[in-house]
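To start, the structure itself, in structure tokens.
The values are calculated or read from the model by the stated rules, or taken from the named source; none is laboratory data. All values reported here derive from a predicted model rather than from experimental measurement. Every residue, glycine as well, gets a Cβ built from its backbone with ideal geometry; the counts of neighbours run over all protein chains shown.
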Amino acid sequence: MALQDVCGFLETLDDISPCTYLPNEMGYMRRTPFEFDRDSAFHFLPPPQQCSRKNRAPTLFSSTFSSLSPHQQPFQLSHGTTTLGFIFQDGVIAAADTRASCKGLICCPISQKIMPIHSHLVVNTSGSGADCMLWERILTREMRLYQLRHRKRLSVNGAAKLLSMMLHPFKGTNVCVAATLCGWDGEETQETLQSCMEIADVKKAVEQDSNVSAISDESAQGSVKMASINEQDEISKDTQALNPTVSDQNTKNVQSTFGGRSGPRVCYVCSDGLQLKGEIISVGSGSPYAYAVLDDGWRWGMTVDEAVALAREAVFRATHWDAYSGNNVDLFHITAHGWRRRDREDLKEEYYREREREKKKIKEREKERQKREGDELVEGEGDIYSVHCG
Amino acid sequence: MMISSRVFGDNGKVKEYHYTGPVEHKFSPYAFNGGTVLAVAGEDFALVASDTRLSEGYSIHSRDSPKCYKLTDTTVIGCSGFHGDCLTLTKIIEARLKMYKHSNNKNMTSGAIAAMLSTILYGKRFFPYYVYNIIGGLDEEGRGARDTYKAGGSASAMLQPLLDNQIGFKNMENVEQVPLTLEKAVQLVKDVFISAAERDVYTGDALKICIITKEGVREEIVPLRKD
């Protein structure tokens, strides 16, 4: 292999030979994920642009298309979806619809867009279905290798950076992966628990100050919330509860200041190279509708039931308005103990239930209106204006 | 390559009807050769069916070009789309099957073939195979997958909703969900292809059904509309 590379000898292209297009002298930094393990099944052509850059004897295929722009694809890749992920005081919720569409046709009404990577990390995928499936597998493999080599799990941010680095060689091609990594960072050891408690003390002190500067329209609700969480802080400190989530602070600026070595995380990675951290992330053609619902209902101090209901509602509304989202909703809840999957729910049922509720509301409104008009007819002395003003 | 008809003027020069401006011609490596494939599986059987028409543009190249390829005694693949890529892809799959057999001393299972096909197809992510593939087969114990079905190819958009309704009992209320038997499945496939031939120009001529049971693979040929 080494002599082959030095001489610049290229074997004829066949699907099982390792990727020999990248020069070996570039070493570790330039290795594509497909060279990480030469025995793995993922051997394939890099995008055409890379072939033309090298001064090598072109093989049959590279000469044909290194000078041409990428071909007009005869079929569309599958796109269009609604996925979302958000963090709150008791973990992370990841939700997505299940429709896989291909231009106008629904290829698969029951696809699975949320894949677990390991016990505490789940990835919401959107973009091209084939790309997402493959990159999710590659990411799982690399994270498992990291875990075996370093004897601890890679954090969510670390996984995001890893995925971003692996996707970078394909920037400019039409690989389309937009993944949201949702997970819980940190080990559940006594040590980290202690440090969390210490951080919680300092945070609480800062919270007292931020209480004063709370936004006016939220202040009433906010102070009630904070009061309840402060109480819980007291309780958890006293009883040394195993679950450190309750002692986490609940204001955004405090969290970013202290970093927080363990806790819920949501991170977005895109094949363009964009990496975003946040509290609420929604991706896909239905994401504007999902954001509208989430922004309205999200609070850090939500209970699990509230959070699940919010996620479900967001996906339901998005599927209603967006043509490329629909069918069912999948929901995962990740806590310090791992992920838990909620049963897949068919949104058709929810749609009919909503219709029933609307019908009932209309009937009630109609009844009230009639009652009011009846009252006015009795009271009014034939004055036409009083009936209209009622 | 399609031969377009042209009108020749008095002095033998080609006369164009309308001047449309400068036209850029580009070589397209793909062509669409039509054809529909369908796979249905029941508790203990699987069947893969395809029409046998090979067309391009307004012409028919062949009326006897089936799109089901037998891979092993328990697996059949249906490939439609661009015929050149179908042939190459099936050659590559057959070669990989032989390699597997020689190094592992056993045949590949249906699930393994599907997983391998997924990686073969992704290997050409930036210059794809223009093929719609459906793999039908039984697993190592001779079990199929209950009430599963998929249509691919030119008439797939017409057939898939019909199969959803008849095999998946979808979009209906208060129906008794009887499990699918082999006889009913074969009859259904025949009816479905007859309907497809009525409405899709690229589907027709004949229907070939490969029926996979634990006894092996059996073929049945049914004539369809030839127009």
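Observations on the model:
- Qualifying residue in segment B:125-136 (condition: in contact with a Cys (Cβ under 6 Å, 6 or more places away or on another chain) and either among the aliphatic types (A, V, I, L, M) or part of a loop (DSSP other than H, G, I, E, B) (or both)): yes
To keep it simple, each residue is scored yes or no on (1) touching a strand residue (DSSP E or B) at 6+ places or on another chain (Cβ under 9 Å); (2) modelled with pLDDT of 90 or more; (3) farther than 16 Å from B:Leu38 by Cα; (4) aromatic (Phe, Trp, Tyr).
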site: B:Asn174; (1), (2), (3), (4): no, no, yes, no
site: B:Leu182; (1), (2), (3), (4): yes, yes, no, no
site: B:Val192; (1), (2), (3), (4): yes, yes, no, no
site: B:Ser195; (1), (2), (3), (4): no, yes, no, no
site: B:Lys208; (1), (2), (3), (4): yes, yes, no, no
site: B:Val222; (1), (2), (3), (4): yes, yes, no, no
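- Options B:Glu176, B:Glu198: the member that is outside any loop (DSSP other than H, G, I, E, B) and either of a type outside the set (Ser, Thr, Tyr) or more than 27 Å from B:Gly142 (Cα to Cα) (or both): B:Glu198
- Segment B:132-144 - residue that is more than 10 Å from chain A (Cβ to nearest Cβ) and crowded, with 16+ Cβ neighbours inside 10 Å and, of those, farthest from B:Gly111 (Cα to Cα): B:Asn133
- Close pairs (6 angstrom Cβ cut-off, 6 or more residues apart or separate chains): at positive phi in segment A:82-101, assigned to a strand (DSSP E or B) and of a type in the set (A, V, I, L, M, F, W, C) anywhere: A:Gly91/A:Ile334
- Extreme residue, nearest to B:Ser156 (Cα to Cα), among residues of segment A:102-152 that are free of Cβ contacts under 8 Å to residues at least 40 places away in the same chain and among the polar types (S, T, N, Q): A:Ser111
- Verdict on B:Asp64 being acidic (Asp, Glu) and within 13 Å of chain A (Cβ to nearest Cβ): no
- Within segment B:93-111, if we keep just the residues that are within 11 Å of chain A (Cβ to nearest Cβ) and surrounded by 13 or more Cβ atoms within 10 Å (Cβ to Cβ), the residue that is farthest from B:Asp139 (Cα to Cα) turns out to be B:Ala95.
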